[in-house]
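The values are calculated or read from the model by the stated rules, or taken from the named source; none is laboratory data. Note that the structure is a prediction, hence the values are computed from the model and not measured. Here the Cβ positions follow ideal geometry from the backbone for every residue, glycine too, while neighbour counts run over all protein chains shown.
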Amino acid sequence: MFSKRTDWKLEENAYTQALRRHRECGTPILDLTVSNPTECGFQYDEAAILSALHNPEVLHYDPEPKGMLQARAAVAGYYQEKNPGARIDPERFILTTGTSEAYSFLFRLLCEPGDEVVTAHPSYPLFDFLATIQDVKLRPFHLVYDHGWQIDFQSLRESIGPRTRAILLVHPNNPTGHFIGNDEAGQLNAICGEHDLALIVDEVFVDYERRETPARKKRHGSFVCNDRALTFVLSGLSKIAALPQMKVGWIAAGGPESLVRDAMARLEIIADTYLSMSAPLQHAVPALLEQRKKMQPQLMARIEANVAQLDEQLVRQMLVSRLVIEGGWYAVLRVPAVQSDEELAIRLLERRSVLVHPGHFYEFPDEGYLIVSLLARTDEFAEGVARLLELIRAG
């Protein structure tokens, strides 16, 4: 009765079962996986946000497939600030109901059923579902760690096959925090040209940049001005303005003019078929996007405070270390691989009431990795890390 594309394993895994049992017991949990900024104690400008949604123009329905010009112009202005010498054209933007819809649009634009998109691992687990429901196959290539993360270009080239249509990267990566370097960007563009591929770059975390980059590497900024390959940049208010509930995202197209023109014409029809995103939110985009200037300093302060707290505790022991964090709001911890990451995460939950993510959730190829969010309240984060290290010391 049901399509094969929805033939997922629906049974709870051991980790989910353990979490459900723990919650049913009512024992408080120190959640070091929390990544929803609205639940992390940040101060929002409630009056400004609510006022942005009270525009009388929302009573009129005037659908624009790419999104209202004033909203697209506000998004283009955000990128203009990042690239003061460039001309950022609002006509190259399409508004979407979050980045998940943006991925759906691009998979439909670029792929026939059964075509492939190559993507870096470790990776955000949602991509597998987004691709599967669009009848697209993901093929992994690897990020490797050597005093910092980098793209394994041999692995990337080996992952490209006759049905590959695009390279997908998160910049910076979730959860490793890897920022694409200038040299890496040059190689990516060359590979796209060699194999006639599009480049999809998810930049939702691009504003959360840390000063922790290997000396040999020069970071690449936003790909919104990339003109060497057909490029689609994705982002939205969820991370930029810490407003995940607003479901405002976008696609920015760049590259050779003829390819961009053809891509935008096709994307406009796709967007028109799905109907444009809600009018109240489109009218609110300029004001909501402006909230980033109040929210990002708060989030960066929390990230830096938690990294400092983490390092302070790690320096007093030898069993656990953290990997370089160039950006984003996650930390990767390297732990003794004496059991599976999932078993360790479950034991930490059951014995110390601390919730972390095992590395395999993000397609780490080996055991010995835990992922923690740097958005947790600082006191809870410190206590959670202390309990984690205590458990590992105890063996």
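Here the condition is being modelled with pLDDT of 95 or more, outside any loop (DSSP other than H, G, I, E, B), under 20 Å from F361 (Cα atoms) and of a type in the set (F, W, Y); of F232, F141, it holds for F141 alone.
Before we move on, is R352 farther than 23 Å from T16 by Cβ and basic (K, R)? For R352, the condition - farther than 23 Å from T16 by Cβ and basic (K, R) - is not met. Within segment 270-283, residues that are aliphatic (A, V, I, L, M) sit with their Cβ atoms under 6 Å from residues that are not in a helix (DSSP H, G or I), at 6+ positions apart or across chains, in these pairs: A271/P65; A271/I94; M277/L95; M277/T97; L281/V248. Among the residues of segment 144-169, those that are assigned to a helix (DSSP H, G or I) and either crowded, with 23+ Cβ neighbours inside 10 Å or touching a helix residue (DSSP H, G or I) at 6+ places or on another chain (Cβ under 9 Å) (or both) comprise F153, L156, R157. Residues in segment 242-260 that are in contact (Cβ under 8 Å) with a residue 24 or more places away in the chain, under 20 Å from F223 (Cβ atoms) and not aliphatic (A, V, I, L, M) were compared, and the one that is surrounded by the fewest Cβ atoms within 10 Å (Cβ to Cβ) is P256.
Restricting L110, L95, L30, L10 to those that are aliphatic (A, V, I, L, M), surrounded by 14 or more Cβ atoms within 10 Å (Cβ to Cβ) and more than 22 Å from the chain's Cα centre (by Cα) reduces the list to L30. Right, A242: part of a loop (DSSP other than H, G, I, E, B) and at pLDDT 95 or above or not? So A242 fits the description; yes.
For segment 209-264, filtering for residues that are within 19 Å of E326 (Cα to Cα) and polar (S, T, N, Q) leaves 3. All conditions but one from (1) small (G, A, S); (2) over 21 Å from G67 (Cα atoms); (3) within 16 Å of the chain's Cα centre (by Cα) apply to S258; the one that does not is (3).
Taken over segment 190-217, the residue count meeting the criterion of being touching a strand residue (DSSP E or B) at 6+ places or on another chain (Cβ under 6 Å) and over 17 Å from A331 (Cα atoms) is 9. Just so you know, in segment 286-314 the residues that are among the polar types (S, T, N, Q) and in contact with a helix residue (DSSP H, G or I) (Cβ under 7 Å, 6 or more places away or on another chain) include one that is surrounded by the fewest Cβ atoms within 10 Å (Cβ to Cβ), and it is Q313. Is segment 170-183 home to any residue that is surrounded by fewer than 20 Cβ atoms within 10 Å (Cβ to Cβ), under 15 Å from S222 (Cα atoms) and in contact with a strand residue (DSSP E or B) (Cβ under 9 Å, 6 or more places away or on another chain)? Yes, segment 170-183 contains a residue that is surrounded by fewer than 20 Cβ atoms within 10 Å (Cβ to Cβ), under 15 Å from S222 (Cα atoms) and in contact with a strand residue (DSSP E or B) (Cβ under 9 Å, 6 or more places away or on another chain).
Scanning segment 117-138 for residues that are touching a residue at least 40 places away in the same chain (Cβ under 8 Å) and of a type in the set (G, A, S), we see that the one that is farthest from Y369 (Cα to Cα) is A120.
Residues of segment 120-133 that are in a loop (DSSP other than H, G, I, E, B), modelled with pLDDT of 90 or more and surrounded by fewer than 20 Cβ atoms within 10 Å (Cβ to Cβ): I133 alone. If you check L199, L237 for being buried (at least 21 other Cβ atoms within 10 Å of the Cβ) and over 22 Å from Q298 (Cβ atoms), only one passes: L199.
Each residue in segment 70-92 was checked for being polar (S, T, N, Q) and within 19 Å of the chain's Cα centre (by Cα), and 0 of them qualify.
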